[in-house]
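Written below as structure tokens is the structure these notes are about.
The values are calculated or read from the model by the stated rules, or taken from the named source; none is laboratory data. Predicted, not measured: the structure shown is a model, and the values here were computed from it. Backbone-built Cβ (ideal geometry, glycine too); neighbour counts: all protein chains shown.
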């Protein structure tokens, strides 16, 4: 909740472009073609700055600060004032901002080959990033003639171990979903509907679509379930573990209403728990019920937030009959979450992955499930480190939105996204060209895939599968012994 | 009418005869019967297992005995009529179609039922229900008749907690215990009874050979969300 000031150097040509681009009403015009700045409304989304043709506009933090101290910082004081005024809980968006919670990815270094085990040059040798996600057959079966029987349970096939996280139509615009779906098709990966149903125009992408079933069951029907390549049961998400969803009636308009199958203007509330799931046995029942209705042809995924006892939870999920566990870490983004929950609940994905992989291996059930990690994956090295910690693949949400123009102003919950992403305003959502967006997503994931191959080559690995759970490839720095023990890695130089 | 022995022929045989009139016999807890079916008429003998008729998308299912948990989960269309009682989590997230239970229902019946355009989930329970009836109700209609329990309490605690649309009707003169202050309750007038409740209850009564008059006699209470107490003040953006 920082306060900003909108400023300009000399040379403004009064084109008024900034005022027409600002969706938060921070820059307006008066009758005399002069700009009026309403600093208090500015979110620092940088839309005006990007579109100023003379490059004279800039945003700074307001110099007028509360004195505060190290304990009662300016944000703390501001938040107390807001709550004293309104009596309401604080609502924000994007991922956690707990400043002192370590980003373990940045405290781990990867290995490379030297002399004794030669590295591989990805430019001249094939590098396999193809990833299968799902159960692995427990044994090889042969028929009477001795031929191998295909007993591979249903699975997802990814050309690269990067997918797009669940973001619902309603939280993001249809154009964003179009870009995600189109990019997934071109990349040979998957995007995820979130709990908002599947828009009619996107059914054609079903070979690259994961459909979600969450506690509100919005937009869920037989045709929807069968339209997905996989079905994800969402129990929780990293940005707000234990909290349900609430899409306000204001955003339930037109096609959003149609796709969610919720009357226009009525709130869409996803209860915190699924009221038909109170145990692993109940979860197993829903997993099998979805399998039954989809003819046992599609993998069923279960998405949970990374919380303190994630290892036994994952073990339960692996035993529930689900094919894939999706773990969303502390830093996972969202379109709207209570700020206190976002910043104070859950654990980072790196730790969750390490303990889940360890637990599933100890119980000899790691091959019963695929593991997908999400929540704060920023670049290809995070992907490689996540896989080395035990993930089969990762999914990216905030990074994908950033590729589409998001500037992390964390104002998604206002529905006024100036970049046309987290909004249902027709005019604003036209600001994203889905084709151009798909191209940028394609470029991003292709670039990361290229970098992943370089990491693999450097380590002398030519198949991404050989990296999965390979903790020997990681060493920690700046971590204490307990952290190293939990992550299952040695210290640098060890 | 095609007769299917569920323990010999299994689910696949039911699917093969979708759209026809069939009799499924010998049920002893087999789960997922009738899932996602779109048409046809199915008669069930014995006790089908959990998740009967979930995602049901049309057609009619008649059950002779009792049904278990998670029945009619996320049902979209069609009819399910049960001569016995139902277990917990009946009609969770149901969006359309009708579910008639002649006997009682367990806990969490009708949680998060909804309505959309021509779709409207309708749940009628002939007997009484456990706690948490119609929590988070987002649309549609739940009617509890309390037949044979006249003068007794016919729902448990937390009836309608968190509901934000739709209506719960109880054939009772007594308000449910600990009703949330975010809900409004009222006695149903003659006109509403005639126009809204009567057509549904009459259909219910006919399916089970009961007298509609008997099912409709006495006082009805309606429970609805209090629109002046919405959730919109819960949060403030930062």
Give me a count of the residues in the range A:95-120 that are over 31 Å from the mean Cα position of the chain (by Cα) and surrounded by 12 or more Cβ atoms within 10 Å (Cβ to Cβ).
3
Restricting to the range A:230-244, name every residue that is touching a strand residue (DSSP E or B) at 6+ places or on another chain (Cβ under 6 Å) and either more than 13 Å from every other protein chain (Cβ to nearest Cβ) or not in a loop (DSSP other than H, G, I, E, B) (or both).
A:230, A:231, A:232, A:233, A:234, A:235, A:236, A:237, A:238, A:239, A:241
Listed residues A:47, A:65, A:41; which is on the phi < 0 side of the Ramachandran plot and touching a residue at least 60 places away in the same chain (Cβ under 8 Å)?
A:47
Are there any strands (runs of 3 or more DSSP E) wholly within the range A:100-158 with 1 or more residues that are touching a helix residue (DSSP H, G or I) at 6+ places or on another chain (Cβ under 7 Å) and within 30 Å of residue A:489 (Cβ to Cβ), and if so which?
A:108-110, A:131-134
Given the structure, is residue B:147 away from chain A (no Cβ under 14 Å) and either closer than 18 Å to residue B:81 by Cα or assigned to a loop (DSSP other than H, G, I, E, B) (or both)?
yes
Filter the range A:283-315 for residues that are closer than 22 Å to residue B:10 by Cα and not in a loop (DSSP other than H, G, I, E, B) and give the result.
A:284, A:285, A:286, A:287, A:288, A:289, A:290, A:291, A:292, A:293
Please find, within the range A:186-195, the residue that is surrounded by the fewest Cβ atoms within 10 Å (Cβ to Cβ) out of those that are away from chain B (no Cβ under 14 Å) and touching a strand residue (DSSP E or B) at 6+ places or on another chain (Cβ under 9 Å).
A:188
Filtered residues of the range B:56-70 (kept if surrounded by 24 or more Cβ atoms within 10 Å (Cβ to Cβ) and touching a helix residue (DSSP H, G or I) at 6+ places or on another chain (Cβ under 9 Å))
B:56, B:70
I want to confirm something. Restricting to the range A:5-28 and keeping residues that are without any contact (Cβ under 8 Å) to a residue 40 or more places away in the chain and under 28 Å from residue A:65 (Cα atoms), which single residue is surrounded by the fewest Cβ atoms within 10 Å (Cβ to Cβ)?
A:25
Number of the condition not met by residue A:301 [criteria: (1) under 18 Å from residue A:212 (Cα atoms); (2) away from chain B (no Cβ under 13 Å); (3) touching a helix residue (DSSP H, G or I) at 6+ places or on another chain (Cβ under 9 Å)]
(3)
Can residue B:128 be described as more than 11 Å from chain A (Cβ to nearest Cβ) and in contact with a strand residue (DSSP E or B) (Cβ under 9 Å, 6 or more places away or on another chain)?
yes
Pick out the one residue from B:73, B:88 that is within 12 Å of another protein chain (Cβ to nearest Cβ), surrounded by fewer than 24 Cβ atoms within 10 Å (Cβ to Cβ) and under 19 Å from the mean Cα position of the chain (by Cα).
B:88
Quick check on my filter: what residues within the range A:204-223 are touching a strand residue (DSSP E or B) at 6+ places or on another chain (Cβ under 8 Å) and more than 14 Å from every other protein chain (Cβ to nearest Cβ)?
A:205, A:208, A:209, A:210
Condition (residue is modelled with pLDDT of 95 or more and surrounded by 13 or more Cβ atoms within 10 Å (Cβ to Cβ)) applied to the range A:62-69: is it met by at least one residue?
no
From A:415, A:488, A:390, A:405, grab the single residue that is in contact with a helix residue (DSSP H, G or I) (Cβ under 9 Å, 6 or more places away or on another chain) and modelled with pLDDT under 95.
A:415
